[in-house]
1. Work out from phi, with θ = phi - 60° and the Karplus expression 6.51 cos²θ - 1.76 cosθ + 1.60, the ³J(HN,Hα) of each residue of the stretch 79-92, listed in order in whole Hz, and give x for Gly and Pro.
2. Add -39500 (n - 2.57) for each DSSP H run of 4 or more in the chain, then divide by its residues: what number comes out at 222 nm, to the nearest 500 deg cm²/dmol?
3. I need the calculated FRET efficiency for the pair Val122 and Ser33, taking r as the beta carbon distance and R₀ as 30 Å, to the nearest 0.05.
4. Ignoring everything but the protein chains, give the 1.4 Å probe accessible area of Cys24 in square angstrom, nearest 10.
5. Seen from all sides and averaged, what is the projected area of the convex hull of the Cα atoms in the chain, in nm²?
6. Rg and Dmax of the stretch 52-124, using alpha carbons, in Å: what are they?
7. Order the peptides 47-57, 61-71 from the highest to the lowest mean number of other Cβ atoms within 10 Å of their residues.
8. Determine the dipole magnitude for the chain: charges of +1 sit on the beta-carbon of Lys and Arg, -1 on that of Asp and Glu, nothing else is charged, the reference point is the Cα centre, and the result goes in debye to the nearest 20.
Amino acid sequence: MNQLMLNMPQYGPWMVTHKGDQSCRLLADRHYSRQTIGSPQFTRPGRNLVLRTAWGDAVWVSWDGIRDDGLRAWECTIFRNESRHLSSDMIHAAVNATIDRWGTLPSDGMITYVAADKVRSVNPGCCFKAAGWETIGRSKVKGLLLLQYKEDEA
C-alpha cells in the first residue's frame with residue numbers, strides 16, 4: 001500500500017522524503033537493481049537525497065559517497081517512474097533538486113548506470129538522454145551503460 005503525502009511538490013513533481021519511506025521501498029522492490037526485496041533499506045550508505053511523488057508512484061535517489069570508479073560525481077542510484085509524469089521531465093527536476101540541496105555539481109557531474117538487458121527499450125537510458133545525459137562508457141564489472149549529466153559551461 002502506498003503512503004500518501006500531501007500534494008505540495010517541492011521540485012516539480014518531487015517531494016523530499018527519507019530513506020525509510022514505505023512507498024519508495026515498495027517501488028524499489030520492483031526495480032531491477034534491488035538486491036534484497038523487502039529490506040527496509042533501499043539506499044546506500046553515504047549522503048542520500050530521496051525524492052518521491054505525492055502519490056508514491058515514482059522514486060529517485062541521489063547518492064554521494066565513497067566511489068570506487070575514480071569519478072568525482074553524484075549518482076542516481078534508483079529512478080522508477082510509475083506515474084503519469086514524463087520521465088525525462090522528472091529526471092531534469094530531480095537533478096535540479098539535488099543541485100538546489102547539495103550545491104554545485106562535482107567535476108564529473110552526475111552519473112547513473114543502466115542495465116540494458118533489464119529494461120524494455122531498444123534505446124536503454126532514453127529518458128536520461130532526453131533529459132540531457134550522455135553515454136560515456138560502461139561499468140568495468142557488469143558492463144552496465146554509464147550515463148553522465150554535466151552542466152553546460154556557457
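The values are calculated or read from the model by the stated rules, or taken from the named source; none is laboratory data. From a predicted model like this one, the values you see are computed outputs, not experimental measurements. Here Cβ is always computed from backbone atoms with ideal geometry, including for glycine, and neighbour counts include all displayed protein chains. Each accessible area value is taken on the protein alone, full model and side chains, heavy atoms only, with ligands, DNA and RNA left out. Shrake-Rupley method; radii C 1.70, N 1.55, O 1.52, S 1.80 Å.
1. 9, 9, 10, 10, 8, 7, 6, 5, 4, 5, 5, 5, 5, 4
2. The per-residue figure over the chain is -5500 deg cm²/dmol.
3. 0.90
4. Near enough 0 Å² of accessible area.
5. Computing the convex hull of the Cα atoms and averaging its projections yields 9.2 nm².
6. 13.2, 37
7. On the way: 47-57: 20.5, 61-71: 15.2.
Per-residue Cβ counts within 10 Å, averaged per peptide and sorted highest first, yield 47-57, 61-71.
8. With Lys and Arg at +1 and Asp and Glu at -1, about 520 debye.
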